[in-house]
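Notes to accompany the following structure.
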Amino acid sequence: MRADINDARSGAAQVTQIRGTQAGSRRSDGGEGTGGSVAELGEFGLIAAMSARLPTGPDVLLGPGDDAAVISVPDNRVVATTDMLVEGRHFRRDWSPAYDVGRKAAAQNLADVAAMGAVPTALLVSFGAPPDLPAQWALEFADGLRDETTAAGASVAGGDVVASGPIVISITALGTLQGRAPLTRSGARSGDVVAVCGRLGWSAAGLTVLGRGFRSPRVVVEAHRRPEPPYDAGPEAAALGASALIDVSDGLLADLGHVARASGVRIDVDTSTLEVADPLRAVAAAINADPLAFVLTGGEDHALAATFGPDVELPERWQVVGRVLPAQERGQQAEGQPRPSDEPPVTVDGEVYDGPAGHDHFR
Ligand SMILES: Nc1ncnc2c1ncn2[C@@H]1O[C@H](COP(=O)(O)OP(=O)(O)OP(=O)(O)O)[C@@H](O)[C@H]1O
Ligand SMILES: Cc1ncc(C[n+]2csc(CCOP(=O)(O)O)c2C)c(N)n1
Ligand SMILES: [Mg+2]
């Protein structure tokens, strides 16, 4: 067993060596960053150029270069999640630089690991690109991936490249629970409070601005291009004894809906507790909309939303925004009323929210 690990470790060192050599030769023969397309780089040139820019840390025993990676599993369990980004659906090349798409692609996946109360260890990155994509785009994308992954303390263990129509990115993130129990969506209990750590509505406001052909307020455009999930708040929530946890990717109401349904409870959000930052107000005013809609239903900021028992003392960055209520009893329903399972599981100031709760890819 020990010997295997040692073999794998020495293998990883060799791979690093090979990657360094390949990247070096690419650079010296002008294949990288000279304005050529990914087709000119070729499949293996692209892999070499991208992987030379990506980080491998101690959990990756064998990184890019072989048929598969070998990653250590410190506590005998691995947290695994996968997410896609499709050009035109999740990002536009004229709205976001490649570097930011790399950061966002990593962030979206790393946040899902954090949302289990876990710490990310490694990413596997699949990248589909049209052959005429400038190689520089792919390399800057890799730089963004590298920086976000490193900031979260993880590595890129491998991936795949393929020719595609629009750019398609599929990332699998792995993580470790470090001996803790996973924080699922199903543990919320009536009497708990709902608390959020991170920004809400900023990315949606940025998307609105970009969609109307503007580039300001700059802070919301930046927030849309480059989310900043509070990764360490996931394990923190676990340590505080949270009962459920989720990242807000589709919208607060939509994602709290997942928690409420999985837990068999209702949740009421108290809008008086929600911070509506000035840039969100400015965007809403410009389009004659309600800025609260950004906060309640905007996705892609990847804040973490948790439920905690009422007696848990929360650090300042966790803002209590609502409470968990018992599921409505069937017996209380008047005849002809919708069955409890049809009731929206999340209300806003005690009322059913009038409008979509968040993003739905197929609606
Ligand atoms: N094609 C699929 N096959 C199997 N399971 C799937 C598939 N698509 C989604 N799931 C599962 O459904 C659950 C919800 O998926 P979803 O992509 O909505 O995740 P999310 O965490 O809610 O969103 P996000 O990834 O944006 O944070 C996850 O557990 C996911 O693994
Ligand atoms: C060009 C463009 N159009 C629309 C959006 C908005 N958007 C796309 S996916 C998503 C929810 C999370 O997705 P997933 O569930 O896949 O993680 C949102 C809010 C965007 N980012 N870019
Ligand atoms: Mg999620």
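The values are calculated or read from the model by the stated rules, or taken from the named source; none is laboratory data. Model, not experiment: these values are computed from the prediction. No Cβ is skipped: glycine too gets one built from the backbone with ideal geometry, and neighbour counts run over all protein chains shown.
When residue 227 is tested against (1) in a strand (DSSP E or B); (2) in contact with an Asp or Glu (Cβ under 6 Å, 6 or more places away or on another chain); (3) more than 18 Å from residue 344 (Cβ to Cβ), just one condition goes unmet, and that condition is (1).
Residue 238: out of contact with any Pro (no Cβ under 9 Å at 6 or more places or on another chain) and within 16 Å of ligand 3 (Cβ to nearest atom), yes or no?
Numbers: out of contact with any Pro (no Cβ under 9 Å at 6 or more places or on another chain): no; within 16 Å of ligand 3 (Cβ to nearest atom): yes.
Taking the combined requirement at face value, the residue does not satisfy it.
Residue count for the range 91-128 under the criterion of being assigned to a loop (DSSP other than H, G, I, E, B) and either closer than 30 Å to residue 305 by Cβ or within 16 Å of ligand 1 (Cβ to nearest atom) (or both): the result is 8. Close contacts from the range 65-90, counting a first residue that is assigned to a loop (DSSP other than H, G, I, E, B) and a second that is surrounded by fewer than 18 Cβ atoms within 10 Å (Cβ to Cβ) and at pLDDT below 95, with Cβ to Cβ under 7 Å and a gap of 6+ residues or different chains, come to 65/18.
For the condition of a type outside the set (S, T, N, Q), more than 16 Å from ligand 2 (Cβ to nearest atom), closer than 28 Å to residue 255 by Cα and touching a helix residue (DSSP H, G or I) at 6+ places or on another chain (Cβ under 9 Å), what is the one hit in 132, 147?
Details: 132 fails: closer than 28 Å to residue 255 by Cα.
The conditions single out 147.
Checking each residue in the range 169-192 for being crowded, with 21+ Cβ neighbours inside 10 Å and farther than 15 Å from residue 117 by Cα picks out 169, 171, 192.
If you scan the range 238-274, which residues turn out to be of a type in the set (A, V, I, L, M, F, W, C), in a helix (DSSP H, G or I) and within 16 Å of residue 200 (Cβ to Cβ)? Lay out the reasoning, then the answer.
The initial filter retains those residues of the range 238-274 that are of a type in the set (A, V, I, L, M, F, W, C), namely 238-240, 242, 244-246, 248, 252-254, 256, 259-260, 262, 265, 267, 269, 274.
In the following step, the residues that additionally are in a helix (DSSP H, G or I) were identified as 238-240, 252-254, 256, 259-260, 262.
Matches in the range 238-274: 252, 253, 254, 256, 259.
Taking the condition of a type in the set (Gly, Ala, Ser), surrounded by 15 or more Cβ atoms within 10 Å (Cβ to Cβ) and touching a Ser or Thr at 6+ places or on another chain (Cβ under 9 Å), does residue 96 pass? No.
Of the strands (runs of 3 or more DSSP E) lying entirely inside the range 129-211, the ones with 2 or more residues being over 19 Å from residue 85 (Cβ atoms) and either more than 16 Å from the chain's Cα centre (by Cα) or without any contact (Cβ under 8 Å) to a residue 12 or more places away in the chain (or both) are found at 193-197.
So that you can scan it fast, the table gives a plain yes or no per residue for (1) more than 16 Å from ligand 2 (Cβ to nearest atom); (2) surrounded by 21 or more Cβ atoms within 10 Å (Cβ to Cβ); (3) of a type in the set (Asp, Glu); (4) at pLDDT 95 or above:
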| residue | (1), (2), (3), (4) |
| --- | --- |
| 194 | yes, yes, no, yes |
| 197 | yes, yes, no, yes |
| 205 | no, yes, no, yes |
| 213 | no, no, no, yes |
| 222 | no, no, yes, yes |
| 231 | yes, yes, no, yes |
| 242 | yes, yes, no, yes |
| 246 | no, yes, no, yes |
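Given the structure, is residue 144 surrounded by 23 or more Cβ atoms within 10 Å (Cβ to Cβ), of a type outside the set (S, T, N, Q), within 16 Å of ligand 3 (Cβ to nearest atom) and at negative phi?
Against the criterion (surrounded by 23 or more Cβ atoms within 10 Å (Cβ to Cβ), of a type outside the set (S, T, N, Q), within 16 Å of ligand 3 (Cβ to nearest atom) and at negative phi), residue 144 does not qualify.
Quick grid of which residues meet (1) within 16 Å of ligand 3 (Cβ to nearest atom); (2) more than 22 Å from residue 132 (Cβ to Cβ):
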site: 40; (1), (2): no, no
site: 44; (1), (2): no, no
site: 47; (1), (2): no, no
site: 70; (1), (2): no, yes
site: 80; (1), (2): yes, yes
site: 91; (1), (2): no, no
site: 95; (1), (2): no, no
site: 105; (1), (2): yes, no
site: 111; (1), (2): yes, yes
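From the list 232, 247, exactly one residue is closer than 16 Å to residue 199 by Cα, within 16 Å of ligand 3 (Cβ to nearest atom) and charged (D, E, K, R). Which is it? Every option except 247 fails the conditions. Scanning the range 277-312 for residues that are among the charged types (D, E, K, R) and in contact with a helix residue (DSSP H, G or I) (Cβ under 8 Å, 6 or more places away or on another chain) yields 281, 290, 300, 301.
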